[in-house]
1. Using a 10 Å cut-off on Cβ atoms, rank the peptides 331-342, 415-426, 482-493 from the highest mean neighbour count down.
2. Provide, for q = 0.14, 0.26 Å⁻¹, the log10 of I(q)/I(0) from a solvent-free Debye sum over equal Cα point scatterers in segment 292-368.
3. Taking R0 as 45 Å, what FRET efficiency do you get between Glu531 and Asn363 from their Cβ-Cβ distance, rounded to the nearest 0.05?
4. Which order, highest average first, do 41-49, 222-230 follow once you tally other Cβ atoms within 10 Å for each residue and take the mean per peptide?
5. Any of Lys73/Lys607; Lys528/Lys564; Lys242/Lys511; Lys432/Lys564 with alpha carbons more than 21 Å apart? Name them for me.
6. Compute the long axis of helix 540-550 from its Cα atoms, compare it with the longest principal axis of the Cα atoms of the chain, and write down the angle in degrees, 0 to 90, nearest 10.
7. Can you give me the angle between helix 139-154 and the longest principal axis of the chain, using Cα atoms only, in degrees from 0 to 90, rounded to the nearest 10?
8. First compute the accessible area of segment 213-293 with a 1.4 Å probe, then give the percent of it belonging to carbon and sulfur atoms.
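The values are calculated or read from the model by the stated rules, or taken from the named source; none is laboratory data. Just so it is clear, the structure is predicted and the values come from calculations on it, not from any experiment. Please note: Cβ atoms are built from the backbone with ideal geometry, for glycine as well, and neighbour counts cover all protein chains shown. Protein only, heavy atoms only, side chains kept; ligands, DNA and RNA dropped before computing areas. Shrake-Rupley method; radii C 1.70, N 1.55, O 1.52, S 1.80 Å.
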Amino acid sequence: MTLSTTLTIKNSSGCPIDNRGTPDYKDGQLSGSAPAASIADGASTTFKIEQKNSLSPGPEGTVTYSLETGNEKVPLSFYWDFASGPAHEEHYTGTSGSTCVTVDANPTDTSGDNHAATYTVQFHPRSPNEWDLVWALSVGLINKQLHALLYYKHQVTAPGFTQAVGNDGWSQLAVSALADPTVAVPNNQTTQLEVHLPLTTATLQYMEGGSQKTLPLSGTTVIVTLDLSQAQVTDPTQLVAKQDAKDHVQALMSAHYSVFRLFIDLTQPSLFHSLRVVNTASGAAVALSQAAQSTLQGGLAGFGHMDVAYPVQASGNPASIVPTLVRERTTQYSANGDFSSVNMCMMSRGRAEPTWASRFAFNAPLASTTNPDGTPAEAKARMLLSQDTFGEGYLRPTVLPAILQASGIPGSILRVAPLTYQCSGSRTNGNKNNGRGEWFEVNNGLDQYALGTESVVFTTQPNTSQTDRCTVSLNGMFQVDIEVSQYPLGAKDRLGTARYQQPWTGLITVKAGNDGRLVTSVDITLGKAPEPEVDKTIDGWVFNAMDALFNWTTTTPQAGILDKAQKFAANLANTFKNNASTQLDVSDCVVLPMGGAYDYSQFVFNKDGAIQVDVSFPG
């Protein structure tokens, strides 16, 4: 009798599983092919393990992989344990190195001597779809920009144009009056926009069969579906944009950011996916011959370029919340096209683009359709920010050091999970008297020393269930440890120890302010101190030694630590009062043709756990 098990690892994660470690086949051996070195999304690897001989225990072992999201490698471990004997007891477990990845083990054949199990790996993406930032520009906002831009442009140049096509001296598109161009999102997860060009007064001239022909296009709308184009800005003065936007872009470039144009290019028919003409009033299709359509395609070059946005990229690995990579994709909202969006999907800190298959599959609408009071909202922009980006780009470098500084104790910050940190610090008088601490004189003729350590520790936890705000809880403790010793003949004689604690809790509240700033406040509440832990009676003169160490002006360590905590709370309040508006740099992520963002509101956790803020642009 030979016990065996067939193991299947099924990748249903949306990410590749790669980097196989060396398998460990304890009390077993491969029968046939080894596990695959790489498992693509939707694929599986199957391998069979059998016991080494009929007398050995059943096969046991592990095989390890890593799931690659694009930003990180999540370790995976698959374990099997197949006992010999009448019961043939078996165990199958799978573990991952992150809560966003789960492994389910399912025995699929438990009869006889040849068993089978399937491990299924699932990835649960963190909002917003593993991107660090997503700027969702609603179609309604883009159309308002186009309207304002056309008005601004016509203050400089007359409306209308005549665009010659070819060299026959006849073919041309002549437009003398037109209404505002608009855009729509025709599909999800593409770089395509549908451009509507309402022609008030226009004529198309074209050649067909050697004859000159004319097609009146007045009162029609030309609809073009095309791919968005992108190019790096080298001279902001040449942008067809308002001066405020040019100045903003110039300032960013002067600060060594790269700025790109995301634009509609009607001069390149190769970008077109479709072109049709409809009656503006009725929506009825206007028939075009092949020659007329070809000439119209070339004539649309007269519209030139229409800029949609100017996304920003920083080089290297800046710690602030500034994009280092940008990808644009669309999200369609069929219920109301104004709330479809063009999304600037960004990574920060030099991180790689996510490789999760559905990284562009956002749930529409991304921009808010209603105001907080329930009334219909104006189509604007919305920025979505991952917890980790907010933590690493703002909380960790700005807020947490301020809290440690207010404590008066130098410390360190350890990331545990997104927006979850452990901060700790301590100071001691152990550098005095060869590590003995503070010396003081007593009447028994022996030198005595008080070795003291003052410490602070606190943790943070995001309150993601409160979706009408953005708050992070604090839970902390001040602590003083005292050890009193004497050293007769140089040998240490510990006389007593004591521990004094002061617990506290706090709440970090972040709100949106103007000009790309965050208004941050921290409230601290002192808790009830536990009874001191004193293993021996320590005389009052020890407290004087502690005063010398910690600069206390109290008579007991417990009163001293309470005074310390009260000053900490006051210092912290003043710290954030004096620095209430801390730059977030979100206004440096995207500039629109009419200018940069000027208003931020509703800075909250959304139902998916991401941070979101509604953004207003001029126009």
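1. On the way: 331-342: 20.6, 415-426: 17.1, 482-493: 14.2.
Descending mean neighbour count gives 331-342, 415-426, 482-493.
2. -0.69, -1.13
3. Working: r = 53 Å, r/R0 = 1.17.
My answer for the efficiency is 0.30.
4. Peptide ranking by packing, descending: 222-230, 41-49.
5. On the way: Lys73/Lys607 26 Å; Lys528/Lys564 14 Å; Lys242/Lys511 30 Å; Lys432/Lys564 23 Å.
From the list (Lys73/Lys607; Lys528/Lys564; Lys242/Lys511; Lys432/Lys564), the Cα-Cα distance tops 21 Å for Lys73/Lys607; Lys242/Lys511; Lys432/Lys564.
6. 30
7. Tilt of helix 139-154: around 60 degrees.
8. Values: 1980 of 3980 Å².
Of all accessible area on segment 213-293, carbon and sulfur atoms account for 50 percent.
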